[in-house]
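The values are calculated or read from the model by the stated rules, or taken from the named source; none is laboratory data. Quick caveat, the model's predicted, so the values are computed rather than measured. All Cβ positions, even for glycine, are placed from backbone atoms using ideal geometry, and neighbour counts span all protein chains on display. When the accessible area is computed, the model is the full protein with side chains, heavy atoms only, and any ligands, DNA or RNA have been set aside. Shrake-Rupley method; radii C 1.70, N 1.55, O 1.52, S 1.80 Å.
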Amino acid sequence: MRAGTTEEDGRIALIQSDIWIGFPRAEQVLDRLQGMIEAPRQTRMPGLLVHGASGIGKTMIARNLSRKYAPEYDPASGITRTPLLLLQAPPAPDERRFYLHILAAVGAPATALSARAQNVASLEVRVIALLRDLGLRMIMIDEVHNLLAGTHREQRRFLNVLRYLSNELEVSLVCLGVSEAVDAIRGDIQLARRLDEHHLPNWRDDAEFSDMIQTLIAAMPLEKKSNLKVKSLKQVLALTGGVTSRIFALVKDLSIDAIITGEECITDDAIAKWTPVWSRHANPHRRLQKSRV
């Protein structure tokens with residue numbers, strides 16, 4: 001812990017950091033993706049389209065897998081092996097911009113290339129050669145719904161690029177995005193046939209949700225156990241619309257409050273009074289110091 005910070009400060013910082021909760025629906029997707037990345041190379045590699053509402057947990061799953069398959073330097077060959085490449089789709093379906101994103105992601109930015117070498121055809125050749133040397137096994141494209149910002153023709157060309165990379169490199173292709181992107185991808189029949197669909201629904205009032213939120217609350221660094229009534233759990237679901245990111249934000253918000261006030265647990269009363277003011281803890285350390293005065 002840094003000088004000048006307290007134990008409470010450290011716990012608040014921990015709450016504000018990224019927290020991975022391995023609930024079953026997330027582990028199911030991870031297991032499926034891990035099976036794909038470990039599968040032997042074949043002419044037609046398996047693919048997956050993971051879709052659901054914004055904030056449902058798609059990016060969280062992708063980042064968790066990317067940490068498991070982080071790049072590793074091979075001193076014998078002098079090459080950094082990169083089994084998984086996680087990219088965010090460009091704001092619009094632009095081939096050139098996408099290839100530039102790939103080069104930057106693998107540490108080979110195109111800034112040193114001549115203008116002629118930065119045309120689409122040259123970039124394509126360079127990207128294929130680099131990715132093949134990296135020992136790539138899977139390409140993950142997050143925010144794939146960004147392709148909807150383009151015309152139908154631009155969308156088809158961008159999807160053709162994704163299919164081409166998967167075929168040429170013999171790697172699995174995984175796309176993640178909101179459900180609106182499903183129809184656009186289905187528009188490319190060949191790509192749609194190789195991308196199985198996995199839908200992540202919003203949380204509902206069932207045992208799965210109860211287990212998830214209780215596990216999440218238990219992961220908060222509070223000194224007391226939070227014994228919540230079923231009514232409060234239902235209220236959490238109503239307040240957040242069953243969206244994972246909102247549920248996490250609510251629990252984190254209330255956990256920080258519990259530390260600041262000295263309550264040290266999340267109470268039914270706190271949930272009843274909670275309102276979604278996301279900037280409420282923009283400066284929790286200042287509020288904590290003020291509460292000590």
TODO: Sort through Leu148, Leu65, Leu165, Leu86 and tell me the only one that's of a type outside the set (D, E, K, R), touching a residue at least 60 places away in the same chain (Cβ under 8 Å) and under 24 Å from Val29 (Cβ atoms).
DONE: Leu65
TODO: Collect the residues in the range 59-81 that are crowded, with 16+ Cβ neighbours inside 10 Å, touching a helix residue (DSSP H, G or I) at 6+ places or on another chain (Cβ under 8 Å) and not aliphatic (A, V, I, L, M), keeping them in residue-number order.
DONE: Asn64, Tyr69
Task: Candidates Asn160, Asn167, Asn146 - the one that is part of a helix (DSSP H, G or I), out of contact with any helix residue (DSSP H, G or I) (no Cβ under 9 Å at 6 or more places or on another chain) and either acidic (Asp, Glu) or surrounded by fewer than 21 Cβ atoms within 10 Å (Cβ to Cβ) (or both) - done: Asn167
Task: Tabulated pairs, the range 33-53, first more than 20 Å from Lys68 (Cα to Cα), second of a type in the set (Ser, Thr, Tyr) and at pLDDT below 90, C-beta under 7 angstrom, 6+ apart or interchain - done: His51/Ser179; Gly52/Ser179
TODO: State whether the residues of the range 94-103 include one that is at pLDDT 90 or above and in contact with a Phe, Trp or Tyr (Cβ under 6 Å, 6 or more places away or on another chain).
DONE: no
Open item on the list: closer than 27 Å to Leu84 by Cβ, of a type outside the set (A, V, I, L, M) and in contact (Cβ under 8 Å) with a residue 12 or more places away in the chain: is that true of Gln190 in this structure?
Closed with: yes
Open item on the list: Of the conditions (1) touching a residue at least 12 places away in the same chain (Cβ under 8 Å); (2) in a helix (DSSP H, G or I), Asp183 satisfies every one except a single condition; which number is it?
Closed with: (1)
Open item on the list: Looking only at the range 186-197, count every residue that is out of contact with any helix residue (DSSP H, G or I) (no Cβ under 6 Å at 6 or more places or on another chain) and open to solvent by less than 60 Å² (accessible area, probe 1.4 Å) and tell me the total.
Closed with: 3
Task: Residues within the range 12-50 that are open to solvent by less than 20 Å² (accessible area, probe 1.4 Å), in contact with a helix residue (DSSP H, G or I) (Cβ under 9 Å, 6 or more places away or on another chain) and modelled with pLDDT of 90 or more, tallied - done: 11
- [ ] Considering only residues that are assigned to a loop (DSSP other than H, G, I, E, B) and over 21 Å from Ala270 (Cα atoms), look in the range 198-244 and name the one that is most open to solvent (accessible area, probe 1.4 Å).
- [x] Arg204
